[in-house]
1. Write out, first by first residue and then by second, each pair whose Cβ atoms fall under 6 Å of each other, whose residues are 6+ apart or on separate chains, and whose first residue, in the stretch 25-43, is surrounded by 19 or more Cβ atoms within 10 Å (Cβ to Cβ) while the second is aromatic (F, W, Y) and not in a strand (DSSP E or B).
2. Answer yes or no: is there a residue in the stretch 126-137 that is within 19 Å of S28 (Cα to Cα), of a type outside the set (A, V, I, L, M, F, W, C) and either loosely packed, with under 13 Cβ neighbours inside 10 Å or in contact with a helix residue (DSSP H, G or I) (Cβ under 9 Å, 6 or more places away or on another chain) (or both).
3. Return the pair list, or none, for Cβ contacts closer than 6 Å from residues in the stretch 116-127 that are farther than 13 Å from W96 by Cα to residues that are not in a helix (DSSP H, G or I), at least 6 apart or on different chains.
4. Can A153 be described as assigned to a helix (DSSP H, G or I), of a type outside the set (D, E) and under 18 Å from E19 (Cα atoms)?
Amino acid sequence: MSVDISRALRTQGWSSETELTWLAEAASKIGPHGSIAEIGTYKGRSAIAMAENTSATLYCTDIWSECGTDGWYYDVFCRNTQHLSNIVAVNRASIWAAREFAAQGKMFDLIFIDGSHDRFNVLQDIMSWRPLLASGGVFCGHDYNFKDHPEVAPAVHELLGEVDVVDTIWIAR
């Protein structure tokens, strides 16, 4: 299946073209009744790549209020994604959002972790979100890169063991 990431490429963010393509392809395999969770969304670059290539609902979790003054980043995210009716913005800390989804019995077909990159938060995100992965789902995250974010890979290995890697996206086996 061919995916379109052209709008995502024009949106500010740190995901590479290779990563956006991989995310778009993964999202494209999820049907209209499926759910995707993105933890750490910033201005919506990777969210756009996924949402434009699926009919599943994409829940974008971030704490935009702590990313800049007066919700400026949230406003930018909303402008960047306003054309997408399958995105739900969740303005909460990652672990609180995961707890709320767990209490609702919500499960996700694809979970993409791209929140804080320190060891403590990576471990918390993995422990909070992994139980919400539907059977056969894809559990992955961003910034598996020792140079830029040296604490991500060790935290991922600590909880998940060996992973597959596409550019700087880690994918749990």
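1. From the stretch 25-43, the pairs are K43/F77.
2. Yes; the residues of the stretch 126-137 include at least one that is within 19 Å of S28 (Cα to Cα), of a type outside the set (A, V, I, L, M, F, W, C) and either loosely packed, with under 13 Cβ neighbours inside 10 Å or in contact with a helix residue (DSSP H, G or I) (Cβ under 9 Å, 6 or more places away or on another chain) (or both).
3. H117/D143; H117/H149; D118/E151; R119/E151
4. In short, yes.
Any read-out appearing in this document is the output of simple, stated calculations on the displayed coordinates, not a laboratory observation. Everything numeric in this text was worked out from a predicted model, so none of it was measured. Neighbour counts run over all protein chains shown; Cβ positions are idealised from the backbone, glycine included.
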